[in-house]
Each structure stands twice: as C-alpha cells, then as structure tokens.
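Asker: Just dropping this structure here.
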Ligand SMILES: [Zn+2]
C-alpha cells in the first residue's frame, strides 16, 4: 500500500476573488469539509471533499455565506 496515492493535488476556484488555488486533499479520509484561507484574498473558503464510487476525488469550494 502506498500512502502517497491518497494525497492528490486539487485546483479549486476561490468563491470570493475567483483565483485558482491549489490544495492537497487526503483521499483516504472522504466526505470531509474544512476551512482554508485563500492565498490571494485571505478570506475563509469552505472546502467540501467527496469521493465517487469509482474513487474519483472531487472538491467544492463555498464561501462562508453559501455554506
Ligand atoms: Zn480569494
């Protein structure tokens, strides 16, 4: 088993300023959400991580007001 396979670099778009930011998602821990500050505008982005049945990782970015 290779733990590195669980870490995937994802690109998300900041819901505030629209900048693309990259983050590393831990695919071994699915269905999680957490807050990460935008690198550009420093506002808190709510990231929601989910994994499909096929094992594909996806991430959604929400603003504080949308969440
Ligand atoms: Zn931003």
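Asker: Go through (1) within 16 Å of the ligand (Cβ to nearest atom); (2) surrounded by 13 or more Cβ atoms within 10 Å (Cβ to Cβ); (3) closer than 15 Å to residue 65 by Cα; (4) modelled with pLDDT under 95 and name the single condition residue 21 misses.
Answerer: So residue 21 meets the others, but not (3).
Asker: Could you list, in sequence order, all residues of segment 50-67 that are more than 16 Å from the ligand (Cβ to nearest atom) and at pLDDT 90 or above?
Answerer: Correct list: empty.
Asker: When the residues of segment 33-43 are filtered to those that are outside any loop (DSSP other than H, G, I, E, B) and surrounded by 13 or more Cβ atoms within 10 Å (Cβ to Cβ), which remaining residue is nearest to the ligand (Cβ to nearest atom)? First the steps, then the outcome.
Answerer: From segment 33-43, those outside any loop (DSSP other than H, G, I, E, B) are 33-37; that's our starting set.
If we keep only those that are surrounded by 13 or more Cβ atoms within 10 Å (Cβ to Cβ) as well, we get 33, 36.
On the way: 33: 18, 36: 11 Å.
Ranking the qualifying residues of segment 33-43, first place goes to 36.
The values are calculated or read from the model by the stated rules, or taken from the named source; none is laboratory data. Keep in mind that this is a model prediction, so the values were computed, not measured. Methodologically, a virtual Cβ is constructed for each residue, glycine included, from the backbone with ideal geometry; neighbour enumeration extends over all protein chains shown.
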